[in-house]
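The structure appears below as structure tokens.
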């Protein structure tokens, strides 16, 4: 195992306990050999995961954060508030790689991004409270591939 993706909802209840569980889970995956972390760049769970990987890079400089964006940053962040855009831009600046899936936002670009996240990964750390979502779709892709899925949502 060497690569892990993240998927989760845009609206999450961020608590110190959730942040610690996320950090502990990422470190557990690293103990299993994960060095590459793939992230879709959405607000909410994706940004929290990206920031956590970035924080862990100070302790573990060999890990990598790869952003797989569904569309260009200006289109992905349309409708986001200033704080979300600042966090996004900070992550964008320090990511080890950035791949843009589609030149423009389209009906299909999120699904393409979600499929690629799973294709490149050996496990998936998620925050899923409802299967009727893009997060649920990504988890279904992960189940089809047969990779480990760790859901940190605790109701």
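Every number here is computed from the coordinates shown, using simple stated rules; none is lab data. Just so it is clear, the model here is predicted, and its values are computed rather than measured. Note that we place each Cβ from the backbone using ideal geometry, even for glycine, and neighbour counts take in every protein chain shown.
Summary table below
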read-out: The stretch 55-118 - convex hull of alpha carbons, volume per residue in Å³; value: 92 Å³
read-out: Three-way shape label, the chain, alpha-carbon gyration tensor, a/c 1.5; value: rounded
read-out: Helical contribution to [θ] at 222 nm, DSSP H n ≥ 4, -39,500 (n - 2.57), averaged over the chain, rounded to 500; value: -13500 deg cm²/dmol
read-out: Sorted by Cβ neighbour density within 10 Å, fewest at the top, the residues 94, 118, 53, 34; value: 94, 34, 118, 53
read-out: Ranked packing of 70-77, 25-32, 58-65, 42-49, most packed first, by mean Cβ within 10 Å; value: 42-49, 70-77, 25-32, 58-65
read-out: Cα-Cα P(r), the stretch 1-89, percent of pairs per 5 Å interval; value: 3, 14, 25, 25, 18, 11, 4, 1
read-out: Surface/4 of the Cα convex hull for the stretch 65-155, nm²; value: 6.6 nm²
read-out: Distance from the stretch 1-70 to the stretch 113-148 (C-alpha centre basis), Å; value: 14 Å
